[in-house]
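Inspection log for the structure reproduced underneath, given as structure tokens.
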Amino acid sequence: MSGENIFTGLTEEHDGDARWAFGTGFTEALAGVDTTLPAGVDGADLAVYCQMLGDDALVQSQRLVQWVTDAPELEEEVALANIALDLLGQARLLLARAGQADGSGRDEDAFAYHRDPEHFRNVHLTEAPRGDFARAVATLLVLSSWRLAVFTRLADSADPVLAAIAAKGVNELAYHREYVVAWTLRLGDGTPYSHERLRTAVADVWPLTGELFATHPLEAALAAQGVGVDPASVRDEVHEVVTRVLTAATLPAPEPFPGQTVAGRDGEHSAHLAPLLEELQRVAREHPEATW
Amino acid sequence: MVATRERLWEAAASVTDPELPMLTLADLGILREVAVQEDGTAAVWITPTYSGCPALTEMRVDVDRAVRAAGFDRVEVRTALSPAWTTDWITDEGRRKLTEHGISPPGEAPRRGRDRSRSP
């Protein structure tokens, strides 16, 4: 170690890349995966579909990160951060797949950092303001139940990459749902105060749930090809799950999911998305030459 | 050729987990496959424990370095997504080491949906 600069000396003892994993070329989430498109699969459509599923995960992940340093207890903070990290991982894989499928060669960062709000395809539920802890529980109860139902079916997708991403996600989503079910029961069947907070949160979230089940023409087309899932096909199953959980938590049985039309999937967003993306994208856009 | 493959496996299998350094990637079931291709490229497949695993990049770098140190000049570390990793992939040796270090080895992972976990 050279004595003149201890930091340089310490750094020199390691061969940079190995220590920091910067600039290694190993950043691609799908490095080394066979990415050939199966015959009969429309790559452009598949790319947009991967953005829909990836953007739900990316935006909800960013929302959940707002709990870090601000959760009721450290244990819950770690749990919410873990859920956010799982969703971020799913987003990375899906967005990487999108860039291969559409032939553009864009990587996950190009999708995450260099698209404007009108090019994001997440549902409004994922971009809605964070709210209180009960709101996070209500949001994740619906979202993880929906995503688990969709990913379980996608594990049989005609696109083997999407199928593998979904099969991996199923284990993670099952944990997310398990976590929020436990909190739904604890809050709903807890004190009159916690019951009321959760009841309010479910009522606030409910108007945003219908969009999850509105079929985009592209989802219908990909479902017909055996690549994607028509979200309308999981409506009953998800409603049954959510009803069972809320009822067990002594909350009123929910209304049907509201009938809604496609909005976020077509890039039509609420005013809440732009500030969220501003925070997410700021560093990457200010330093476009940076690598990490 | 068989001996070369074994040398490759041993090199890759010697890499330890960044967070549980008493376990190797082989113990954890993260190392999935190795192959020496016709052009001499050493290919190594590893799988993430979960989709967002931030340690995967570090593992790739560590595997790359270990395999190069074993005499392979061309190395490709590839991601294997399927079948998805669960704690069932931890080997008996991995479980023994966990116990030895005061960590209870996980029980059988739940079978979920149409997840295609490793068949017994």
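The values are calculated or read from the model by the stated rules, or taken from the named source; none is laboratory data. Just so we're clear, the structure is a prediction, and the values are computed from it rather than from any experiment. When we count neighbours, we look across all protein chains shown, and the Cβ atoms used for this are built from the backbone with ideal geometry, even at glycine. Accessible surface areas use protein heavy atoms only, side chains included; no ligands, DNA or RNA. Shrake-Rupley method; radii C 1.70, N 1.55, O 1.52, S 1.80 Å.
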Can you pull out the helices (runs of 4 or more DSSP H) entirely within segment A:67-156 that have at least 3 residues that are at pLDDT below 95? A:74-101, A:108-113
So which residues in segment B:59-99 are within 17 Å of residue B:25 (Cα to Cα) and in contact (Cβ under 8 Å) with a residue 60 or more places away in the chain, if there are any at all? B:70, B:89, B:90, B:91, B:93, B:94, B:97, B:98
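Could you pull out the residue among A:85, A:74 that is touching a Pro at 6+ places or on another chain (Cβ under 9 Å), aliphatic (A, V, I, L, M) and within 23 Å of residue A:182 (Cα to Cα)?
Among A:85, A:74, only A:85 is touching a Pro at 6+ places or on another chain (Cβ under 9 Å), aliphatic (A, V, I, L, M) and within 23 Å of residue A:182 (Cα to Cα).
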Name the residues in segment A:105-119 that are open to solvent by less than 60 Å² (accessible area, probe 1.4 Å) and without any contact (Cβ under 8 Å) to a residue 24 or more places away in the chain, would you? A:110, A:115
Of B:28, B:8, which residue is at pLDDT 95 or above and in contact with a Gly (Cβ under 6 Å, 6 or more places away or on another chain)? B:28
Long-range neighbours under 7 Å by Cβ, at least six apart or interchain, first residue open to solvent by less than 50 Å² (accessible area, probe 1.4 Å) within segment A:182-197, second among the hydroxyl-bearing types (Ser, Thr, Tyr): A:187/A:194; A:188/A:250; A:195/A:250
The condition of being under 26 Å from residue A:163 (Cα atoms), buried (at least 18 other Cβ atoms within 10 Å of the Cβ) and within 13 Å of chain A (Cβ to nearest Cβ) holds, among B:80, B:35, B:55, only for B:80
